[in-house]
2 protein chains.
Amino acid sequence: MAMAKAILSSEHLGTLFHQARTHNAWHPQPVSDDLLRQIYDLMKWGPTSANSLPARFVFLRTKEAKERLRPALSPLNVDKTMQAPVTVILAYDLKFYEHLPRLFPMKPDMKNMFSSSAQLAEITAFRNGSLQGGYFILAARALGLDCGPMSGFDNAKVDAEFFPSTSVKSNFLCNLGFGDHSKLFPRSPRLEFEEVCELL
Amino acid sequence: MAMAKAILSSEHLGTLFHQARTHNAWHPQPVSDDLLRQIYDLMKWGPTSANSLPARFVFLRTKEAKERLRPALSPLNVDKTMQAPVTVILAYDLKFYEHLPRLFPMKPDMKNMFSSSAQLAEITAFRNGSLQGGYFILAARALGLDCGPMSGFDNAKVDAEFFPSTSVKSNFLCNLGFGDHSKLFPRSPRLEFEEVCELL
């Protein structure tokens, strides 16, 4: 009855989950702009509440762009970020709702629900912008890239430098490139199903 | 130089992104507990800040469990949720840091950073719990399931019913099953790369 779908093989699940690791050292192999566009053109299809699509992305590819980020980084995140071929600032737009009449034509009045409540707009932007961060990481991995996501930075400094006088707020950073597997730390354990899941 | 990885074919990228849709009507085909465990055992490998793993999951599979959720649902979400084989409450634990000495053994003092700031703990739990929500949706799709994520419900009512006297807070809901493609709405548009991405 259900529509036939190409279910992923264990090899492909490994690319997304089992074998994929957070990288801290990078091969010099560059990441093309075309590949960055491919990531976006995949992850944009992931679902968001009322098709709100609040995530915004700044791709830092040049030495000059990386230097603008440097003062905001936690000390332990500086070297690996400077070395990575690309560092992405994943952000979200608190005024995402301005686009809703176009993005969610079924209910043109959805915009008012968010424009009338800054709190609801912020929760929606942060939740769905982070969901889109998850789609972004897995889309990058699906295309063969390695990721190094980071929260260790000063969000206010990044916002002042990259998003002044806008409604855009930084969420987290993610280094992109081809990781050096010989420099990986041992993998940290995960919580067991029984510890975090309930079947009712 | 980079380690060989199995890059996903366009068919598999379709399963995750291009062909995947948010479903509102479900075939009666059930979802086994084993499949729910497989989703968790995939998505648990997705990266979180300091391996914090704040996401928590309640799988509602029975009529009795669904009825406990019903009073919290927005009217438009009732029928499809009652019809879905499984509805998951995706939540996050504000006290995720209690597990950090085991989950992040490299830095046993990380726990104190979060236990001393309720604000940092809440932002970290919400950001990373939502990221894990993105991993969850794509892991379910990778295994052949369809998803119907929803924010249209009363979080306070869900927390009072399912997480009383705990540090766990509901994030969003997700119906799981095999979707009826004949009942899909037309697909909503997405924002273009140039509208939301900057190359620096």
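The values are calculated or read from the model by the stated rules, or taken from the named source; none is laboratory data. Computed from a prediction, not measured in an experiment: that's the story for all the values here. Here Cβ is always computed from backbone atoms with ideal geometry, including for glycine, and neighbour counts include all displayed protein chains. When the accessible area is computed, the model is the full protein with side chains, heavy atoms only, and any ligands, DNA or RNA have been set aside. Shrake-Rupley method; radii C 1.70, N 1.55, O 1.52, S 1.80 Å.
Of the residues making up the range B:29-43, those that are touching a residue at least 12 places away in the same chain (Cβ under 8 Å) and either at the interface with chain A (Cβ under 9 Å from one of its Cβ atoms) or among the aliphatic types (A, V, I, L, M) (or both) are B:GLN29, B:VAL31, B:ASP33, B:LEU35, B:LEU36, B:ILE39, B:TYR40, B:LEU42, B:MET43. Looking across the range A:147-200, the residues that are open to solvent by 50 Å² or more (accessible area, probe 1.4 Å), assigned to a loop (DSSP other than H, G, I, E, B) and polar (S, T, N, Q) come down to A:SER165, A:THR166. Here B:THR48 fulfils each of the conditions (1) closer than 25 Å to A:HIS23 by Cα; (2) at the interface with chain A (Cβ under 7 Å from one of its Cβ atoms) apart from (2). For the range B:113-123, the set of residues classified as open to solvent by 10 Å² or more (accessible area, probe 1.4 Å) and either within 11 Å of another protein chain (Cβ to nearest Cβ) or in a helix (DSSP H, G or I) (or both) consists of B:MET113, B:SER115, B:ALA118, B:GLN119, B:LEU120, B:GLU122, B:ILE123, listed by residue number. Helices (runs of 4 or more DSSP H) fully within the range A:10-95 that include at least 3 residues being of a type in the set (S, T, N, Q) and at pLDDT 95 or above: A:75-83.
Note on the range A:141-160: among residues that are more than 17 Å from A:THR81 (Cα to Cα) and more than 11 Å from chain B (Cβ to nearest Cβ), the one that is nearest to the chain's Cα centre (by Cα) is A:ASP159. Can you confirm whether the range B:76-93 contains a residue that is without any contact (Cβ under 8 Å) to a residue 12 or more places away in the chain, surrounded by 13 or more Cβ atoms within 10 Å (Cβ to Cβ) and farther than 19 Å from B:ALA156 by Cβ? No, that holds for no residue. Exactly one residue out of B:ALA65, B:ALA25 is surrounded by fewer than 22 Cβ atoms within 10 Å (Cβ to Cβ) and farther than 17 Å from A:LEU200 by Cβ: that is B:ALA25.
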